[in-house]
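J.: First the structure, then my questions, so here it is.
Derivation of every value follows stated rules applied to the coordinates shown; laboratory data play no part. Please read these numbers as outputs of a predicted model, since none were measured by experiment. Reconstructed Cβ throughout: ideal geometry from the backbone, glycine too, with neighbour counts over all protein chains shown.
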Amino acid sequence: MSETTCITTAVDGRVATITLNRPEALNALNSTLVTELIEAALAYDADPGIGCIVITGSAKAFAAGADIKEMVDQSYTDMLTGGPFPGWGGFERMRTPVIAAVAGFALGGGCELAMMCDFILAADTAKFGQPEINLGILPGFGGSQRLPRAVGKAKAAEMVLTGRMMGAEEAERSGLVARVVPADELLAEAAKVAATIASKSLPAVYAAKDALQAAQEMPLAEGLRFERQAFAAAFATADQEEGMRAFAEKRAPEFTHR
Ligand code: CO8
């Protein structure tokens, strides 16, 4: 395990885990934490030895939002020119799947960070919310766009306009999280799911992630064309032949990630 100022990182086999670690501020996303998080995530993304990344926080908070104390004196121009957190573009374009393992508060920028990940595994203690309205602002990390896509316009509008938090069970029912697990099993379960993903063919995983992302961004016809091309391209990989031969020969595939 290695530790910087506001995060810790650990690698186990082909799975990397980044733990947000500012307990004194419930993992509020200040510029140091965000810089460290993005740097670590991009370094893992560039490493073909890593097949899945888990981002998690503490038992009390995944992240309670952007650091309000750091933002209080920021101006319109500060925000327009990137605010305290430039660099999210690279995070959003990563090829490696990212799982958010959320316990406790995931609020504001914390909820938005979780939604930027490919999917969320939630502890039964998780609480999601976009409480920016209580601060005289609105979501600024994609919450007004990703939350309605995840839970529908009505529920998203209620949460964004009132600041109401949503518990884990409601979040699962609404489609915000993939699955809820008991809090003391969250990290083990996230590690297990991440190891499963990391055991698959890397090019196939990259392509599947891209296609799922396209579904969020493109009209259906365009997304279907994207998928058709990506599907055909999978047949240019050694792993496709290995995966299908292994099935026919009733053995486990040995992917070489090529
Ligand atoms: N920023 C800074 N400090 C925080 C934050 C935060 N978001 N959240 C908690 N803290 C600090 C508290 O100030 C407190 O510090 P101290 O001990 O020095 O007083 C410590 O963490 C513990 O917090 P509490 O005592 O408040 O703990 P509670 O258990 O009583 O309450 C809550 C927990 C309900 C989570 C409460 O802390 C809270 O409401 N936090 C703020 C939540 C919030 O409003 N989040 C949205 C922030 S705005 C945002 O995320 C915008 C993102 C878009 C930016 C785009 C830029 C380009």
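J.: Can you give me the relative contact order of the chain as a percent, contacts being Cα pairs under 8 Å and 6 or more apart?
T.: RCO, the chain: 16 percent.
J.: Rank C6, S201, L113 by how far each Cα sits towards the positive end of the charge dipole of the chain (+1 on Lys, Arg Cβ; -1 on Asp, Glu Cβ) and give me just the farthest.
T.: Highest projection toward the positive end goes to S201.
J.: Compute the angle between helix 202-217 and the longest alpha-carbon principal axis of the chain, please, reported from 0 to 90 degrees and rounded to the nearest 10.
T.: Approximately 50 degrees, to the nearest ten.
J.: Roughly how big is segment 132-258's charge dipole about its Cα centre, with Cβ charges of +1 (Lys, Arg) and -1 (Asp, Glu), in debye to the nearest 20?
T.: Magnitude of the dipole: close to 240 debye.
J.: Within the set of other residues whose C-beta is less than 11 Å from the C-beta of Y44, count the net charge using Lys and Arg as +1 and Asp and Glu as -1.
T.: Its environment carries a net charge of -1.
J.: Same structure, new question: Based on Cα positions only, what radius of gyration and what Dmax would you give for segment 88-156, in angstroms?
T.: Using the Cα atoms of segment 88-156, the pair Rg, Dmax is 12.1, 36 Å.
J.: Right, here's the next one. Return I197, I137, I120 ranked ascending by Cβ neighbour count within 10 Å, so the fewest neighbours appear first.
T.: Going from least to most buried by this count: I137, I197, I120.
J.: What's the local net charge at T256, with K and R +1, D and E -1, over the other residues with C-beta under 9 Å away?
T.: Neighbour charge sum, excluding T256 itself: -2.
J.: Mind checking the angle between helix 31-45 and the chain's longest principal axis? C-alpha axes, 0 to 90 degrees, to the nearest 10.
T.: Computed tilt is about 0 degrees.
J.: Let me spell out the model: positive unit charges on the Cβ of Lys and Arg, negative unit charges on the Cβ of Asp and Glu, origin at the Cα centre of segment 197-244. What dipole size does that give, in debye rounded to 20?
T.: With Lys and Arg at +1 and Asp and Glu at -1, about 80 debye.
J.: Rank T125, L42, A59 by how far each Cα sits towards the positive end of the charge dipole of the chain (+1 on Lys, Arg Cβ; -1 on Asp, Glu Cβ) and give me just the farthest.
T.: T125
J.: For an R0 of 51 angstrom, estimate the FRET efficiency from the Cβ-Cβ distance between M79 and R251 and round to the nearest 0.05.
T.: For R0 = 51 Å, the calculated efficiency reads 0.40.
J.: Just the projected area, averaged over all directions, of the convex hull on the alpha carbon atoms of segment 121-170: how many nm²?
T.: 3.5
J.: Still on this structure, I have one more. Just subtract the alpha-carbon distance of T4 and A157 from 0.36 nm times their residue separation and send over the number in nm, one decimal.
T.: 51.3 nm is the gain from fully extending T4 to A157.
J.: At 7 Å along Cα-to-Cβ for each site, give me the label-to-label distance between L224 and S31 in nm.
T.: 4.8
J.: What is the spin-label model distance, in nm, from E217 to K69 if the labels are put 7 Å beyond Cα along the C-beta direction?
T.: For E217 paired with K69, the spin-label model returns 3.7 nm.
J.: Still on this structure: For T4, T17, which order do you get if you count the other beta carbons within 10 Å of each Cβ and list the fewest first?
T.: T4, T17
J.: Taking one equal scatterer on every alpha-carbon of segment 161-224, how large is log10 of I(q)/I(0) by Debye at q = 0.13, 0.18, 0.26 1/Å?
T.: -0.60, -0.94, -1.05
J.: Please state the relative contact order of segment 124-258 as a whole percent: Cα pairs under 8 Å, 6+ residues apart?
T.: 20 percent.
J.: How big is the dipole moment of the chain about its Cα centre under a simple scheme where the beta carbon of each Lys and Arg is +1, that of each Asp and Glu is -1, and everything else is neutral? Debye, nearest 20, please.
T.: 660
J.: What do you get when you divide the Cα radius of gyration of the chain by 2.2 N^0.38 Å, with N the number of residues?
T.: For the chain, the normalised Cα radius of gyration comes out at 1.04.
J.: A further question on this structure: Which whole-number percent gives the relative contact order of segment 1-42, counting Cα pairs below 8 Å spaced six or more residues apart?
T.: 35
J.: Sticking with this one: Any idea which of A232, I68, V102 is furthest toward the positive side of the dipole for the chain, if Lys and Arg beta-carbons carry +1 and Asp and Glu beta-carbons -1?
T.: It is A232, whose Cα lies furthest towards the positive end.
J.: Can you bin segment 1-89 into rounded, prolate or oblate? Criterion: square roots of the alpha carbon gyration tensor eigenvalues sorted a ≥ b ≥ c, rounded for a/c under 1.5, prolate for a/b above b/c, oblate for the rest.
T.: Because a/c hits 1.5 or more and a/b fails to exceed b/c, segment 1-89 counts as oblate.
J.: Mind running the shape call on segment 33-139? Use the C-alpha gyration tensor, a ≥ b ≥ c as the square roots of the eigenvalues: rounded below 1.5 for a/c, prolate if a/b tops b/c, oblate otherwise.
T.: In terms of gyration-tensor shape, oblate.
J.: Using only Cα atoms, what Kirkwood radius does segment 86-212 have, in angstroms?
T.: For segment 86-212, inverting the mean 1/r across all distinct Cα pairs yields 15.1 Å.
J.: What are the residues whose amide H is under 5 Å from the amide H of H257, where those residues sit 5 or more places off or on another chain and H is modelled from the backbone?
T.: L202
J.: Quick check: the angle from helix 186-198's long axis to the longest principal axis of the chain, C-alpha only, nearest 10 degrees?
T.: That helix lies at roughly 40 degrees to the long axis.
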